[in-house]
Every structure is written in structure tokens, then in C-alpha cells.
Amino acid sequence: MPIRYDITHTTVYRYRQPVSFGEHRVMFRPRDSHDLRVLATDLEVSPAAKVRMIQDPHSNSVALVQPLHEASELRIVCTFTIEHAPADVLELPLSPSAETFPFAYSVEERFDLEHYLRPHHDDPDGKLTAWARQFIRTDGPTATRELLLQMNQRIRDSFRYVPRDEEGTQAPLETLALGSGTCRDFALLMMEAARRPGVATRFGSGYLHDPALDADDAGNANVVGAGATHAWLQAYLPGAGWLPFDPTNNLLGASQLIRVGVARDPSQAAPISGTWYGSADAYIGMDAAVQVRRQPEAR
């Protein structure tokens with residue numbers, strides 16, 4: 001049965017004195033598909049701004065926001081009501097040829113998946129490749145889905161989640177060395193690890209629903225990453241298509257993941273980016289908050 005959510009995403013930039021603003025690229029709107037519908041949406045910007053909606057090369061919805069006046073605060077508030085009906089990843093059948101690893105994509109698939117198959121980060125000593133290969137069985141056939149499930153769980157169990165406000169993503173080798181990172185670091189680590197043996201992956205970003213924040217589910221355990229934008233990955237498996245994996249929480253499928261953007265690299269899916277003009281010491285900081293609430297079921 002579809003679930004309805006109310007989402008509010010607020011971002012505030014603060015400055016010591018009024019500054020002028022260049023164009024800001026805002027990727028907040030959930031990505032419609034057969035499993036997700038946007039029922040209502042609103043965007044408020046202060047100071048007043050000119051807004052244009054476009055689709056980027058990955059077909060993500062992007063708002064181009066141009067503030068019209070100087071201000072000491074830039075506030076962007078997006079609200080959405082969505083209907084979500086995710087499929088059970090474990091029940092989606094794979095093509096027979098892809099059930100066991102290694103498998104081969106068709107020629108047509110390889111043309112479309114080329115950029116998602118190619119690693120984007122160097123691995124000069126083979127450390128990342130060796131880490132990925134530990135999930136390939138040596139005592140018999142390796143089930144493709146099981147390989148990814150084990151990788152997903154290992155990251156959640158073996159790495160420490162450390163929130164980081166700075167922009168950017170750690171290189172996979174840095175995450176391996178530190179044994180810690182944010183959701184976007186863990187997503188990139190698994191993306192690049194899965195690409196090494198030939199699985200097409202892409203970065204996913206959006207919102208995470210924490211059932212513990214709903215009044216009727218107050219006793220449930222919290223997930224990590226709610227209250228801000230969240231990151232995970234999708235792997236393309238023939239027969240099932242793009243399947244979401246959240247290594248931060250060892251979530252399988254999209255029941256709690258609300259998709260906003262997808263990209264071949266995390267740098268292409270920043271929630272917001274832009275420019276401002278003023279004195280070098282004008283910038284104070286930025287606050288961002290995401291609230292995801294499940295609507296009560298109709299009786």
C-alpha cells in the first residue's frame with residue numbers, strides 16, 4: 001500500500017553584512033517514477049528570487065534560483081507531499097544469466113551503463129580491489145545479489161559513521177584507511193568497490209525516513225542520517241534494474257529512502273550550490289534541516 005510523506009527541507013546561509021548572490025543550483029525535489037509520485041510542492045526563497053526549473057543530464061529536477069536583492073541571510077525552504085510505493089528488492093527476480101557472479105551485461109546495456117561501470121578513483125596498490133574481492137566466494141558459486149548484500153552489511157558493521165559538514169566526499173581509499181566516514185563516503189566506497197569486479201553503480205541522494213520520529217512508531221530504533229540529506233547507491237542488475245543499497249544503515253531497497261537525485265559521481269548531486277559576492281570574512285555559516293513525516297493511514 002502506498003505511503004504518504006510530508007517533507008520540509010530548510011537551508012539557511014548567514015553573513016555578517018548584506019552580500020549579493022549569484023545563481024544557486026537547488027536539487028531538493030523528489031524524483032518521480034512508478035514507485036514515487038510528488039503530489040504537492042512549494043519553494044520559498046528569501047530574499048525574493050527568480051526561479052527556473054530544469055532537468056540535468058541525469059533527468060534530475062533542478063531549481064535554478066537567482067536571488068534579486070542583497071541580504072545578510074539566504075533562506076531556501078522546500079516542502080513536498082509525496083506518495084511512495086517501493087518494491088521489495090529481495091523479491092525482484094534477476095535475469096537467469098545475472099543470478100550468479102560474474103555475469104555479463106548485454107551489448108545494449110553496456111553502451112548505456114558505460115559511465116557507471118568505469119571506476120572514477122585510482123587504486124594503485126589494489127587495496128580497494130582486494131577489499132571488494134573478499135565477498136566473492138572461493139568454495140562455490142557467488143550469488144550476485146548476496147555479494148552486494150554482504151558488502152552493504154560489512155560497511156555498516158565495520159565502519160564508524162562520523163557526520164561532516166564540509167563539502168566534498170572522501171576518496172574510497174581514504175575511507176578504507178580511516179574506517180569512518182559519512183553516508184556519502186560509504187556510498188562512494190561501495191560504488192567504487194562494486195565497479196571493480198564489473199557491477200554498474202550510481203550515486204543516489206535524497207531523504208531518509210526514520211520511523212522513530214513518527215508518534216505511532218516511537219519505540220523503533222533510529223537510523224543514522226535522518227534530519228539531513230542522505231546518500232546511498234544504486235546497482236544495476238539485469239532483470240531487476242536499479243536497486244538501492246544504503247550501506248550506512250544496511251538498508252535494502254527503498255522503503256525508507258526517498259529518492260531526489262542520481263548521478264555517476266557524488267559531485268554531480270550536491271543538494272545546493274551557488275555563489276555570493278562580498279567581503280572575504282562575511283560568511284558566518286550554514287544550517288540545514290530535513291523533516292520527513294509519515295502521514296497517518298486513512299481509515
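Descriptive notes on the structure:
- Seen from every direction in turn and averaged, the convex hull around the alpha carbons of the range 106-165 projects onto 6.8 nm².
- Per-residue SASA entry for Arg133, accessible area with 1.4 Å probe, Å² rounded to 10: 140
- Distance between modelled label sites at Thr275 and Glu109, nm, 7 Å Cα→Cβ extension: 4.3
- GNM flexibility winner over the chain from Ala132, Ala212, Ala231 (Cα, springs under 10 Å): Ala212
- Shape call, the range 3-106: gyration tensor on alpha carbons, a/c limit 1.5: prolate
- Most mobile of Pro238, Pro18, Pro271 in a GNM of the chain (Cα contacts under 10 Å): Pro18
- Highest mobility in the GNM of the chain, judged by mean-square fluctuation with C-alpha springs under 10 Å and restricted to Asp185, Asp122, Asp281, is found for Asp281.
- Prolate/oblate/rounded label for the range 153-242 (Cα gyration tensor, a/c 1.5): oblate
- Here the calculated FRET efficiency for Ser59 and Thr81, from their Cβ-Cβ distance with R0 = 35 Å, stands at 0.95, rounded to the nearest 0.05.
- What the Cβ-Cβ distance of Glu91 and Arg4 gives, at R0 = 22 Å and to the nearest 0.05, is a FRET efficiency of 0.45.
- Per residue, in Å², the accessible surface of the range 128-172 once ligands and nucleic acids are set aside, probe 1.4 Å: 61
- Nearest-20 debye value, the range 47-97 charge dipole, Cβ charges on Lys, Arg, Asp, Glu: 300
- Cα lying deepest toward the dipole's positive end in the chain, options Met190, Trp232, Gln66, charges on Cβ: Gln66
- On full extension, the segment bounded by Asp139 and Asp265 gains 41.9 nm, given 0.36 nm per residue less the C-alpha separation.
- If you plug the beta carbon distance of Glu297 and Glu44 into 1/(1 + (r/R0)^6) with R0 = 45 Å, you get a FRET efficiency near 0.95.
- Between Ser72 and Glu23, the simple label model (points 7 Å from Cα in the Cβ direction) yields a spacing of 3.0 nm.
- Label corresponding to percent of Cα pairs over 30 Å apart when calculated from the structure given, among (1) 30; (2) 26; (3) 36: (3)
- The alpha carbon centroids of the range 84-98 and the range 10-76 are separated by 34 Å.
- Accessible surface of the chain [probe 1.4 Å, protein heavy atoms]: carbon and sulfur percent: 49
- Rough spin-label spacing in nm, given labels placed 7 Å along Cα→Cβ, for Arg52 and Ile284: 3.2
- Rounded if a/c under 1.5, otherwise prolate or oblate - the range 237-281, Cα gyration tensor axes: prolate
The values are calculated or read from the model by the stated rules, or taken from the named source; none is laboratory data. All values reported here derive from a predicted model rather than from experimental measurement. Here the Cβ is made from the backbone with ideal geometry for all residues, glycine too, and neighbour counts use every protein chain on show. Side chains are part of the model used for accessible areas, which takes the heavy atoms of the whole protein and leaves out ligands, DNA and RNA. Shrake-Rupley method; radii C 1.70, N 1.55, O 1.52, S 1.80 Å.
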